[in-house]
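To start, the structure under review is shown below, and the notes come after it.
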């Protein structure tokens, strides 16, 4: 995703603080606006001299001293409210709001626009607000402290300490690999768009869900070119999907707000997973797929260590209370259970997929050469389709309720040679 072109407004002190903040690297600064004179490689302009400025050439004005009176000046000059971005050295990004034409609440935050019509909209805004504030904190960290931060997360989520110098269990080693095995290849294969090329090369394009389009900006999408049913998703993380079952009643404005918020978010900052940070954010559309009348697709997730399949996860009841069941390579039920997702009451009644042997073969091919990876497939109307490749499931922030599982998997997982962690 391209960097947004911005003007930056403030005093000498606030401008210096902004440029020392890592989030300043996310923008292309085309000019500085200040009443003060100081040396800069950029031209320093007086704010009063800009009423005739062509605001269509920029994506926003960042106010580094939260000067609301100056922001109001630019609003009166006709600049769009979403282009007003408030930043504070102590508190980070700030937001302001008002009322839309229908009297509903509208919030402008960090160059994003949110129309609050119900509780779900408010929850989404609050989550986005928290994520972008969290992102700022993570981006300002020195990579040398990543292990300490991840160890603290691990302690909070699992109640157990984590020694990065001597990881033993599977979840401990996942945390180690988050920091010391965040390779460029993992970034490429965690990218839901670029991984398609890898899959086509390794096992064949016939296992890919048909691609309908790819864009850098939501406003570039021509929805007239898309079928009545399709799926929109962002390529740089998890849980960023919009399923369109009927284009005639598709809420485009709501989709635009959500996708723009996802595009603005570095998924790697969510749980400090730096291999996601390298991904160039895009929007993709895929063919809508369904298994008859079932509300959700059934996917099969193969946990592979050193290219060998250890378990197959079977997920059900996504729309209600997610159930997670583990089968061995022969589709025998195991007693493995994670802390965050319970097992089904009768996993022994879950039928083996028709293409189980084929999926195992394909998963092993894609997993070759990796210390650990989870390879996901769907079985739709008797045909196998690739889902995704995941290198750090759950960011390692879970534990196994089944005794001995974490230790068993940890014993199988041999850590690769460490690589320096990239900065988020």
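The values are calculated or read from the model by the stated rules, or taken from the named source; none is laboratory data. Bear in mind that the values here come from a model prediction, so they are computed numbers and not experimental data. FYI the Cβ positions are ideal-geometry reconstructions off the backbone, even for glycines, and counts take in every protein chain you see.
Just one of the numbered conditions (1) closer than 14 Å to residue 284 by Cβ; (2) surrounded by fewer than 16 Cβ atoms within 10 Å (Cβ to Cβ) is not true of residue 251; which one?
Among (1) closer than 14 Å to residue 284 by Cβ; (2) surrounded by fewer than 16 Cβ atoms within 10 Å (Cβ to Cβ), the lone unmet condition for residue 251 is (1).
Filter the strands (runs of 3 or more DSSP E) completely within the range 299-407 down to those with at least 1 residues that are crowded, with 19+ Cβ neighbours inside 10 Å, in contact with a strand residue (DSSP E or B) (Cβ under 8 Å, 6 or more places away or on another chain) and free of Cβ contacts under 8 Å to residues at least 60 places away in the same chain. Steps first, answer last, please.
Working: elements: 299-305, 308-316, 323-327, 372-380, 383-390.
Answer list for the range 299-407: 308-316, 323-327.
Please go through the range 12-41 and give me each residue that is farther than 22 Å from residue 217 by Cβ and modelled with pLDDT under 90, ordered by number.
12, 31, 32, 33, 34, 35, 36, 37, 38, 39, 40, 41
Only residues that are surrounded by fewer than 16 Cβ atoms within 10 Å (Cβ to Cβ), farther than 25 Å from residue 143 by Cα and within 29 Å of the chain's Cα centre (by Cα): list them for the range 1-40, please.
Selection gives 5, 30.
Give the residue, chosen from 337, 329, that is farther than 20 Å from residue 175 by Cα and over 22 Å from the mean Cα position of the chain (by Cα).
The match here is 329.
Give me the residue from the range 1-11 that is in contact with a helix residue (DSSP H, G or I) (Cβ under 9 Å, 6 or more places away or on another chain) and over 20 Å from residue 69 (Cα atoms) and, out of that set, modelled with the lowest pLDDT.
Across the range 1-11, the extreme among qualifying residues is 1.
Determine if the range 260-274 includes at least one residue that is out of contact with any strand residue (DSSP E or B) (no Cβ under 7 Å at 6 or more places or on another chain), closer than 18 Å to residue 387 by Cα and in contact (Cβ under 8 Å) with a residue 24 or more places away in the chain.
Within the range 260-274, not a single residue is out of contact with any strand residue (DSSP E or B) (no Cβ under 7 Å at 6 or more places or on another chain), closer than 18 Å to residue 387 by Cα and in contact (Cβ under 8 Å) with a residue 24 or more places away in the chain.
Quick one: residue 237 ticks every box in (1) crowded, with 17+ Cβ neighbours inside 10 Å; (2) over 30 Å from residue 143 (Cα atoms); (3) out of contact with any strand residue (DSSP E or B) (no Cβ under 9 Å at 6 or more places or on another chain) except a single one, so which number is it?
Evaluating residue 237 over (1) crowded, with 17+ Cβ neighbours inside 10 Å; (2) over 30 Å from residue 143 (Cα atoms); (3) out of contact with any strand residue (DSSP E or B) (no Cβ under 9 Å at 6 or more places or on another chain) leaves (2) as the failure.
Count, please, the residues in the range 199-228 that happen to be in a helix (DSSP H, G or I) and without any contact (Cβ under 8 Å) to a residue 40 or more places away in the chain.
Matching residues across the range 199-228 total 9.
The conditions are (1) surrounded by fewer than 21 Cβ atoms within 10 Å (Cβ to Cβ); (2) within 16 Å of the chain's Cα centre (by Cα); (3) part of a loop (DSSP other than H, G, I, E, B), and residue 279 fails exactly one of them. Which is it?
(1)
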